[in-house]
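*Asks:* Once you've had a glance at the structure underneath, I'll fire off some questions.
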Amino acid sequence: MQKHNVNLPIIVTGRHLEITEAIREYSHKKIESLHLDYPRIIEAKVILDVEHHRQIAEIILFCADHIHIEVKSTTEDIYASIDESIAKIARRMRKFKTRLLKSHRPRKDGSIRHIQEQVFVSDDLQSEVDHIEPSYVHKEQYKVRPLYPDEAIMDLEISQRPFIVFHNQKTHKLAIMFRRPDGDYGLIEPEDKVAA
């Protein structure tokens, strides 16, 4: 069990903000004091930013088992933003650990979910409203990592993303794991054969 993060490489950088020794020491102290049973932290990055009167603290933890935790907080004080980000990481890790423990418990009999049946009239599904062409508004680089499906679920648990794209180590195919509205997870993998 990892109680303290000793000799942990922590990189503190600032955008639109000069990093003082006090801020650097405060960030180091807060991250080193994180009490995490799992996972083991390999490296931590703290990115501090000032936009108008908002003080933003983003903390990224690179952990063992391909786990990547990223949180961001905005307040009017940089120290409060750091504290809030640390609290978010702790909450996320507690939630993750609870789900990890629950997934290893045997299911009780009668754990089947009953979904209410609904019938839609086909006329209700037709609409004469003009359709607006969709366009994407956000673009970002995304690193596709080799993971097993259970590792992808763990990654989703501790991230704020609705999906994760990864190289499935079981099937050796590109796959997408996504969070369903009912709380379960879905897995999308491409077919080998092209439809004729």
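The values are calculated or read from the model by the stated rules, or taken from the named source; none is laboratory data. Because the structure is a prediction, the values reported are computed rather than measured. Reconstructed Cβ throughout: ideal geometry from the backbone, glycine too, with neighbour counts over all protein chains shown.
*Asks:* What number of residues within the stretch 148-183 satisfy the criterion of being surrounded by 10 or more Cβ atoms within 10 Å (Cβ to Cβ) and not in a helix (DSSP H, G or I)?
*Replies:* The first filter runs over the stretch 148-183 and keeps only residues surrounded by 10 or more Cβ atoms within 10 Å (Cβ to Cβ), leaving 148-161, 163-171, 173-179.
If we keep only those that are not in a helix (DSSP H, G or I) as well, we get 148, 158-161, 163-171, 173-179.
Total meeting the criteria: 21.
*Asks:* (1) modelled with pLDDT under 75; (2) within 28 Å of VAL12 (Cα to Cα); (3) surrounded by fewer than 10 Cβ atoms within 10 Å (Cβ to Cβ): which one isn't true of GLN141, the others all being true?
*Replies:* (1)
*Asks:* In the stretch 59-80, what count of residues is obtained for those that are part of a loop (DSSP other than H, G, I, E, B) and either at pLDDT 85 or above or not acidic (Asp, Glu) (or both)? Spell out how you get there, then give the answer.
*Replies:* As a first pass, look at the stretch 59-80 and keep what is part of a loop (DSSP other than H, G, I, E, B): 64-67, 76-77.
Filter once more, keeping what is either at pLDDT 85 or above or not acidic (Asp, Glu) (or both): 64, 66-67, 76-77.
Within the stretch 59-80, residues that are part of a loop (DSSP other than H, G, I, E, B) and either at pLDDT 85 or above or not acidic (Asp, Glu) (or both) number 5.
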